[in-house]
Amino acid sequence: MPCSERAPANGCVLGGGGWLSRPAESWRTKLSQLNTPFDPAAFEYALEQTTDGFVFERFCNEFLSAIIGVTFVPVGGFHDRGIDGIEHIFSDATCTSNIYQFSVEKDPRQKIRRTLGTLKRNHITASQLFYVTKISVEEIDKLTNELYVEFKVPLHVWDNKWLSARANLS
């Protein structure tokens, strides 16, 4: 059924040249139609093959939006001041800012240090930093303790094992 020139009622979406009859589907929509759980090892392998940081960032934004929910706000892009995603949690007396950094880099320690330095230079106070990476990170407990001592920012490292454990939840 063709789309009309005005806002259609038949599920059409606005594209660059007007209304399109088939809306673009996200990876979540396509995956939900499979109804087959992911094999965690295959999911980790697919993540490790990703070399394009922008592709990984888009994946993380969609994946974390599904896992965390409406409080997660994708940011990212060029000159993002060290913020790929943010989550503000408000209570009567406080506002917590959880900062998310996504990376395909092979050295998480150096990337996290650079990110925390960038946040500091931009006068951004992070209540917590969530570092999301496609690789498997060894000794996460030591890494988080070491960098907390250095920067005084609680750090959470979500590596490919963390992501694959939640692949069937979104």
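The values are calculated or read from the model by the stated rules, or taken from the named source; none is laboratory data. Please read all numbers here as calculations on a predicted model, not as lab measurements. As a convention, Cβ positions derive from the backbone with ideal geometry for all residues, glycine included, and neighbour counts pool all protein chains shown. Calculation scope for accessible area: heavy atoms of the full protein, side chains included, ligands and nucleic acids excluded. Shrake-Rupley method; radii C 1.70, N 1.55, O 1.52, S 1.80 Å.
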**Report entry** Residue that is nearest to Ile67 (Cα to Cα), among those in segment 80-106 that are in a strand (DSSP E or B) and among the β-branched types (Val, Ile, Thr)
**Finding:** Ile86
Query raised in the report: Does segment 113-126 hold any residues that are in a helix (DSSP H, G or I) and touching a helix residue (DSSP H, G or I) at 6+ places or on another chain (Cβ under 6 Å), and which are they?
Result: Leu116
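Of all residues in segment 127-145, which are part of a loop (DSSP other than H, G, I, E, B) and over 21 Å from Phe56 (Cα atoms)?
So the first thing to find is which residues in segment 127-145 are part of a loop (DSSP other than H, G, I, E, B), and the list is 127, 134-139.
Hits for segment 127-145 are Ser127, Glu139.
Filter segment 148-170 down to the residues that are assigned to a helix (DSSP H, G or I) and either at pLDDT 95 or above or open to solvent by 50 Å² or more (accessible area, probe 1.4 Å) (or both) and list them by number. Lay out the reasoning, then the answer.
Residues of segment 148-170 that are assigned to a helix (DSSP H, G or I), as a first pass: 148-151, 160-166.
Across segment 148-170, the qualifying residues are Tyr148, Val149, Glu150, Phe151, Lys161, Ala165, Arg166.
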Query raised in the report: Listed residues Glu139, Glu150, Glu105; which is among the charged types (D, E, K, R) and more than 30 Å from Asp39 (Cβ to Cβ)?
Result: Glu150
Report summary line: Checked against (1) open to solvent by 20 Å² or more (accessible area, probe 1.4 Å); (2) out of contact with any Lys or Arg (no Cβ under 8 Å at 6 or more places or on another chain); (3) not acidic (Asp, Glu), Val104 satisfies every condition except (2)
